[in-house]
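Taking it in order: structure first as structure tokens, then the write-up.
The values are calculated or read from the model by the stated rules, or taken from the named source; none is laboratory data. What you are looking at is a predicted structure, and each value in this text was computed from that prediction instead of being measured. All Cβ positions, even for glycine, are placed from backbone atoms using ideal geometry, and neighbour counts span all protein chains on display.
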Amino acid sequence: MSWFKVCRRNCISFLALQLFCLVSWCVLSDAEEQKCLDLARNATARNIRGSLQCVRGLNTRDCMDRIKNGTADAASMSADDIYAAGLCHGLELAAGESHNGVDGINYYVVVIARRSTSDLSLLEMHERSSCHPGIRTTVGWTVPIGYLVNTSQISVGEQCNFPRSVGNFFGYSCVPGVKDPQHDPRGNNPKNLCEACIGDENDRHICANNHKERHYGESGALRCVAENLGDVAFVKHTTVFDNLDGKNQESWALDLEIEDLKLLCPDGTEAGLDEYERCHLSAVPTNAVVVRVEDKCRVWKYLERLQNVFGNATEGFSLFSSAGYGESDLLFSDATHHLQRVLGSYTSWLGPTYTTMLQAFECEGKCVSVR
């Protein structure tokens, strides 16, 4: 049986009958479009069965629309966008990234505290102080606030005002960007959500949603705890190790010792920093390729052929490298080791814990904002 008949029979897709199983990929920047075009050209040169077409999307939500209406077939998306694509558009996944041999896990969101801080538990966080990498970030907002809502420590009520509820819960915090007009159009987000922020060396840009605020980002949130301005920091499991052993030459990091810190676990216990696999709020899944349900097989078969040729290339075009394009993580994350097939639903890829975190925000009308 010819490969064309196999493709038609297995994928059960009308497009599989045209142009040798054409796959149309939605890209978001000039650099990503160029890498896509280079991939298409190299695939043709290596006689890889199928054809790749590059379609420019305005943004991630536009790519969702294009995939749903058939003007594009696939795009790589992050976890939060995967949830929106599945929930609001009925889209599914064909493949997902594997990083460093760990299938489907990008990183863990952990809660770090000073070891000297006593009477501190994730089950009793009311009126404690907190340090967040930034407003509306996965690490600094979606996961920790979703956890607090799902454990009934925070209630947002009928008005669904998360900043106000978070401000009422914590004593004081640093949530960079919480007072920006984009996130606080009426100017009434609680001031205490910026009280653990310090701005720049001249006391300007306090609570800014960028590095001018020295407590911005994962390293900034860790600094917030190290400087005793917060009881807990919500960060990636790699954050501490990225700032120790001289990797960060700032004075606060040079004075930091791994023995000074501990992890807080969801069951109320404590753990060492190297125990993040059992002591974390959530595992955040890696990016995955969003497609229409009927195209799961077709797109995977084409991606499988591409990665067999370009996945571990040491010279020439490399599927998982963005070197030479001026940007990072184009088409796929540069940390990708290989792509794995996704046979289950998008929620199975996200995992029950992370999906539950996202569901805590459903009152905000996630699908209403999808255009």
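Per-structure values
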item: Pairs where the first residue, in the stretch 147-164, is under 19 Å from VAL175 (Cβ atoms) and assigned by TED's automatic domain parsing to the domain that holds GLY268 and the second is among the acidic types (Asp, Glu) and in a helix (DSSP H, G or I), C-beta under 6 Å, 6+ apart; result: CYS160/GLU364
item: Answer residue from the stretch 51-103, given it is under 21 Å from SER345 (Cβ atoms), acidic (Asp, Glu) and in a helix (DSSP H, G or I) and is modelled with the highest pLDDT among those; result: ASP65
item: Those strands (runs of 3 or more DSSP E) lying entirely in the stretch 222-326 with at least 2 residues among the hydrophobic types (A, V, I, L, M, F, W, C) and within 17 Å of HIS337 (Cα to Cα); result: 288-291
item: Residue match in the stretch 164-177 (condition: charged (D, E, K, R), assigned to a helix (DSSP H, G or I), over 25 Å from ARG115 (Cα atoms) and at pLDDT 95 or above); result: yes
item: So GLY104, is it small (Gly, Ala, Ser) and either touching a Lys or Arg at 6+ places or on another chain (Cβ under 7 Å) or closer than 30 Å to TYR302 by Cβ (or both); result: yes
item: Residue check for SER318: within 18 Å of the chain's Cα centre (by Cα), surrounded by fewer than 19 Cβ atoms within 10 Å (Cβ to Cβ) and at negative phi; result: no
item: Residue pairs meeting the criteria (Cβ under 6 Å; at least 6 apart or on separate chains; first without any contact (Cβ under 8 Å) to a residue 40 or more places away in the chain, in the stretch 181-205; second in a loop (DSSP other than H, G, I, E, B) and among the β-branched types (Val, Ile, Thr)); result: ASN189/VAL178; LEU193/VAL175; LEU193/VAL178; CYS197/ILE206; GLY199/ILE206
item: Those residues of the stretch 66-80 which are in contact with a helix residue (DSSP H, G or I) (Cβ under 9 Å, 6 or more places away or on another chain) and either crowded, with 20+ Cβ neighbours inside 10 Å or aromatic (Phe, Trp, Tyr) (or both), in sequence order; result: ILE67, ALA72, ASP73, ALA74, ALA75, MET77, ALA79, ASP80
item: Residues being buried (at least 24 other Cβ atoms within 10 Å of the Cβ) and more than 22 Å from ALA335 (Cβ to Cβ) - total across the stretch 123-134; result: 3
item: Residues that are among the hydroxyl-bearing types (Ser, Thr, Tyr) and under 16 Å from SER76 (Cβ atoms), drawn from the stretch 88-122; result: SER98
item: Residues (of a type outside the set (A, V, I, L, M) and touching a Leu at 6+ places or on another chain (Cβ under 7 Å)) located in the stretch 194-249; result: ASP231, THR239, ASN243
